[in-house]
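Engineer: The structure's right below; bear with me while I get my questions together.
Nothing in this text is a laboratory measurement; each read-out follows from the coordinates by a stated rule. Everything numeric in this text was worked out from a predicted model, so none of it was measured. Cβ sites come from the backbone with ideal geometry, for glycine too, and all protein chains shown count toward neighbours.
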Amino acid sequence: MFAKKTIKDINVQGKKALVRVDFNVPIKDGKISDDTRIQAALPTIRYLMDHGASVILMSHLGRPKGKVDPMFSLAPVAIHLGKLLGKTVAFADDCIGKSAVDAAAVLKPGEVLLLENTRFYDGDEKNDPEMAKKLANLADIFVNDAFGSAHRAHASTEGVAKFLPAVAGFLMEKEIQYLGEAIRAPGKPFVVILGGAKISDKIGVIRNLLGKADHILIGGAMANTFFKALNYDVADSLAEADAASTASEIIKEGGSKIVLPVDVVIADALDANAQSREMPIGDVPAGWRILDIGPKTVQLYGDWIKTAKTVVWNGPMGVFEFERFAKGTFGIAKAVADSSAVSIIGGGDSVAAIQQSGLTDRITHISTGGGASLEMLEGITLPGLAALQDK
Ligand code: ADP
Ligand code: MG
């Protein structure tokens, strides 16, 4: 059950709705190279348009560091969104100044306006109440649909909610339902797959899930730190020396729940043309490094995944950016896609990997939020969500 009010719980007819979306999309030469996040906000935008609200959208884009920087303008997004909606989207070249106030004032029901990047002001990230108040003054209600930014208490996510009736959009609702439910009451067996670059980024996730998951399958560079903790020589592998003691603690606490690779792919350089080979887990020869999990591990992890009712996956199994070290990640992707479990994938690089694998349609939920999804998995309350009205 979703505990917060959504746009369906309030009357939006004739209202000016200020909607925080996550339009932080990759833009190259004025063209949007991946519009997943824009697509994900469409249900909320369309609902508001169809129900007679004037829709004022705001978002951050990149890190302009509190200054106006045309490199980080949202103008191309207004054009792209207009094409998706089949309707002109007005654009204001400021989010709180006169151009924003004027554009918001003339906006009619069913029309859409996009404000310029909220991070052109440093007040956004500082959660400046003055900025939040100015944003709130543009509208009658606040809708937060920016799940990807909900873990940050900024003026445009959390601050503004103090000055207007504040509810969730559909993307926010969907993300919280899938991630929240998986953590609160997962169908069992609950299998968690964790990989990626650094164990230190994800200690909170492991700790929170240790009590809830039935099996935690470890891969990626994160596994290297566990190998170190078990006194294997990992040679030139990426591993965090100072996290080895944490890894030892986790092995002790988790016992047989923690599953480590039984074989790995090693190479003599992080390079597409490096020499590489498979080896069972053990001391890595000097000058070599672990860059992927091996085929036996893919098989073993696949067997656990087959038994699961819920699968949560964060972090690639290897350096999937290079084809020859991508087999582990894509093999696990296939196993997750083939399983009948509720499957949830979160994390920027993990989502990129599943998109590359072409298996997105066979995953139950792919999160649009990297950091936010990790904090959900850590069991942290997201401030952008907490600020919304309870049902
Ligand atoms: P996510 O964004 O999904 O949370 P991370 O940012 O934690 O994932 O980690 C992704 C990165 O981890 C990828 O760029 C990948 O190349 C890297 N990685 C995975 N396995 C290894 C490894 N064995 N050695 C070095 N880097 C690795
Ligand atoms: Mg990442």
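Engineer: What is the P(r) of region 93-132, as percent of Cα-Cα pairs per 10 Å bin from 0?
Structural biologist: Over region 93-132, the share of Cα pairs per 10 Å bin runs 28, 48, 22, 1 percent.
Engineer: Most exposed first by the Cβ proxy, i.e. fewest other Cβ within 10 Å, how do TRP313, TRP288 rank?
Structural biologist: On the way: TRP313 29, TRP288 20.
The most exposed by this proxy come first: TRP288, TRP313.
Engineer: A follow-up question, please. Please give me the summed charge of the neighbours of ILE281: other residues whose Cβ is under 10 Å from its Cβ, Lys and Arg +1, Asp and Glu -1. Please list the in-between numbers first.
Structural biologist: On the way: positive: LYS296; negative: ASP263, ASP283.
Combined, the nearby Lys, Arg, Asp and Glu give -1.
Engineer: Using Cα pairs under 8 angstrom and six or more residues apart, how large is the relative contact order of region 173-218, in percent? Numbers along the way, then the final one.
Structural biologist: Numbers: 28 pairs, mean separation 23.4, N = 46.
Relative contact order, region 173-218: 51 percent.
Engineer: Also, I was wondering about something else. Counting only other residues whose beta carbon sits under 10 Å from that of SER200, what net charge do I get with K and R as +1, D and E as -1? Let's see the in-between values first.
Structural biologist: Values: positive: LYS198, LYS202; negative: ASP201, GLU240, ASP242.
Computed value for this residue: -1.
Engineer: Average projected area of the Cα convex hull of region 37-106, in nm²?
Structural biologist: Working: hull surface 20.4 nm².
Hull-based average projected area comes out at 5.1 nm².
Engineer: Could you please state, rounded to a whole Å, how far the C-alpha centre of region 1-57 is from the C-alpha centre of region 223-269?
Structural biologist: 43 Å
Engineer: Can you tell me how region 121-236 classifies by the Cα gyration tensor, rounded, prolate or oblate, using a/c under 1.5 as the rounded cut?
Structural biologist: Judged from the Cα gyration tensor, region 121-236 comes out oblate (a/c at least 1.5, b/c at or above a/b).
Engineer: On a C-alpha basis, how far is the centre of region 95-131 from the centre of region 134-164 in Å? Whole number, if you could?
Structural biologist: What the calculation gives is 11 Å, centre to centre.
Engineer: Okay, next question. Which value results for Rg/Rh of region 53-185 when Rg is the Cα radius of gyration and Rh the Kirkwood radius based on the inverse mean 1/r? Kindly include the intermediate steps, with their values, before the conclusion.
Structural biologist: On the way: Rg = 14.9 Å, Rh = 15.3 Å.
Expressed as Rg/Rh, it is 0.97.
Engineer: Antiparallel versus total DSSP beta bridges in the chain: what percent is that, nearest 5?
Structural biologist: Working: 12 of 49 bridges.
Beta bridges within the chain, antiparallel portion: roughly 25 percent.
Engineer: Amide H of LYS4 versus every other amide H placed in the peptide plane: which residues, excluding those fewer than 5 positions away on the same chain, fall under 5 Å?
Structural biologist: Long-range HN contacts for LYS4: LYS391.
Engineer: So what are the radius of gyration and Dmax for the Cα set of region 177-377, in Å?
Structural biologist: 15.5, 47
Engineer: Compute the signed sum of charges (Lys and Arg +1, Asp and Glu -1) over the other residues within less than 13 Å, Cβ to Cβ, of ALA235. Write out the running numbers ahead of the final one.
Structural biologist: Working: positive: LYS228, ARG289; negative: ASP233, ASP236, ASP268, ASP283.
Its environment carries a net charge of -2.
Engineer: Please list, or write none, the aspartates and glutamates whose alpha carbon is within less than 12 Å of the alpha carbon of LYS16, excluding same-chain residues fewer than 8 places away.
Structural biologist: Cross-link targets: GLU111, ASP140.
Engineer: Per residue and in cubic angstrom, what volume does the convex hull of the Cα atoms of the chain have?
Structural biologist: Numbers: hull volume 54.1 nm³, N = 391.
Residue-normalised Cα hull volume stands at 138 Å³.
Engineer: Can you say what percent of the DSSP beta bridges in region 7-169, counting only those with both residues inside, are antiparallel? Round to 5.
Structural biologist: On the way: 2 of 21 bridges.
Just about 10 percent of them are antiparallel.
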